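Visitor: The structure under discussion is supplied below as C-alpha cells; questions concerning it will follow.
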Amino acid sequence: MTAKQWIRSQLGVWQFSFEKGDIRDKTVHPATFPLQLCRRVIELFTHTGELVLDPFVGSGSTLVAASQTGRNAVGFDLKQEYVDLANRRVKENGGLFGNAQQLAVQDDSRNIATHLEQSTVGLIWTSPPYANLLNRKRQNKSRRNRDNGQLGKVEQYSQDERDLGTMELNRYTEEMGVIFARLLPLLRPKGHCVINVPDMWWENQRITIHVSLIEELRRRGYELRNIIIWDRTNIVNNIGIFGWPSNYITMGVTFEYLLDFWRPE
C-alpha cells in the first residue's frame with residue numbers, strides 16, 4: 001500500500017462499490033461481498049506472496065481478490081457447488097500473477113488444520129454464516145415493493161447439520177470458537193484474522209453477533225485490534241419504514257462490522 005492508501009484505510013468507516021467481477025445474484029449465493037472490500041483487507045494485512053485463508057469461502061471472492069493482488073489463497077466450504085463456483089471465478093476473474101496460486105477445497109472448516117502447517121497463514125479473512133438468522137422466510141417490506149424474487153425465500157446456504165447457518169446463536173458462537181481455536185496456530189505471530197459480520201433483528205430483539213464473536217475469540221486466544229464499519233448505504237436498495245413512528249431501529253443491511261483480530265506473539 002502507498003502511504004495515501006494506508007491513511008485512507010485508517011478511517012474507521014469504509015465504503016465500496018460492486019464491479020464487473022462481483023456476484024449480486026442471490027440465487028447463485030445468498031451473501032457475497034465486493035471484491036473491492038476483499039482487496040482492501042488483503043492488501044492491508046499481507047504482502048505479495050503470503051498465504052490468505054478463507055474458512056467459509058462461499059462464492060470465492062477472497063480467492064479472486066488474492067489472485068488479483070498476487071497472494072496465495074486457500075478456501076474451504078461444505079458445499080461442492082460453491083467450491084466449483086469459487087475455482088471457476090478465479091479462472092475467469094483472476095489476476096496475472098503467475099507465481100501465486102488460489103484453490104477452493106471441499107471440506108468442513110473444522111478440519112482445516114489437517115491441511116495446513118502451523119504459522120504459515122498470513123491472514124484469515126472471511127464472512128461466516130450468521131447463525132440461523134438467514135434460515136427463515138424473508139418478509140421485509142422493501143421486498144414486497146419490488147418483484148425481485150426474494151419475498152418468502154429462505155436465503156440459507158444449506159440445511160446440513162454441520163452448517164453454522166442452521167444453529168441458534170449460543171451454539172453458533174461455541175462452534176465458531178472451536179473452529180477459530182484450531183485456526184489460531186496456523187496464523188503467523190501478529191498475523192491478522194478479519195471477520196465480516198452484521199447484527200440482526202429477530203422477533204423485535206437485536207441479536208449482537210459481533211459482540212458474541214469478540215468475546216468468544218478473545219477467550220480462544222485472539223487479540224482484538226480494530227473494529228471497522230463497512231458502510232453499505234451506497235449499495236443498498238429500498239429500505240422499508242420499519243418501526244415508524246415510535247419504535248426506532250437501525251437497519252443492519254446498511255452497515256456491517258469488520259472485526260480485526262491478530263495472533264499475539
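The values are calculated or read from the model by the stated rules, or taken from the named source; none is laboratory data. Source: prediction; values computed, not measured. Reconstructed Cβ throughout: ideal geometry from the backbone, glycine too, with neighbour counts over all protein chains shown.
Visitor: Report whether or not Arg188 is basic (Lys, Arg) and at pLDDT 95 or above.
Guide: Yes; evaluated as a whole, the condition is true for this residue.
Visitor: Please report, ordered by residue number, the strands (runs of 3 or more DSSP E) entirely within segment 179-248 with at least 3 residues that are in contact (Cβ under 8 Å) with a residue 60 or more places away in the chain, surrounded by fewer than 18 Cβ atoms within 10 Å (Cβ to Cβ) and charged (D, E, K, R).
Guide: Those strands (runs of 3 or more DSSP E) do not exist here; none qualify.
Visitor: In segment 40-99, what count of residues is obtained for those that are within 18 Å of the chain's Cα centre (by Cα), in a loop (DSSP other than H, G, I, E, B) and over 23 Å from Lys190 (Cα atoms)?
Guide: Total meeting the criteria: 5.
Visitor: Could I ask something else about it? How about segment 216-265: which of its residues are of a type in the set (Asp, Glu) and touching a His at 6+ places or on another chain (Cβ under 8 Å)?
Guide: Asp260, the sole residue that qualifies.
Visitor: Please determine whether any residue of segment 252-259 is hydroxyl-bearing (Ser, Thr, Tyr), loosely packed, with under 13 Cβ neighbours inside 10 Å and touching a residue at least 24 places away in the same chain (Cβ under 8 Å).
Guide: Scanning segment 252-259 turns up no residue that is hydroxyl-bearing (Ser, Thr, Tyr), loosely packed, with under 13 Cβ neighbours inside 10 Å and touching a residue at least 24 places away in the same chain (Cβ under 8 Å).
Visitor: Is segment 24-32 home to any residue that is among the basic types (Lys, Arg) and not in a loop (DSSP other than H, G, I, E, B)?
Guide: No.
Visitor: I'm checking my understanding of the structure. Among residues of segment 106-122 that are in a loop (DSSP other than H, G, I, E, B) and not β-branched (Val, Ile, Thr), which one is nearest to His192 (Cα to Cα)?
Guide: Ser119
This table checks each residue for (1) modelled with pLDDT of 90 or more; (2) more than 17 Å from the chain's Cα centre (by Cα).
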position	(1), (2)
Tyr222	yes, yes
Asn226	yes, no
Ile229	yes, no
Gly243	no, yes
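Visitor: Further, regarding this structure: In segment 200-218, how many residues are more than 12 Å from Arg263 (Cβ to Cβ) and at pLDDT 90 or above?
Guide: Number of matching residues: 10.
Visitor: Among the residues of segment 57-71, count how many are touching a strand residue (DSSP E or B) at 6+ places or on another chain (Cβ under 8 Å) and surrounded by fewer than 22 Cβ atoms within 10 Å (Cβ to Cβ).
Guide: Result for segment 57-71: 0.
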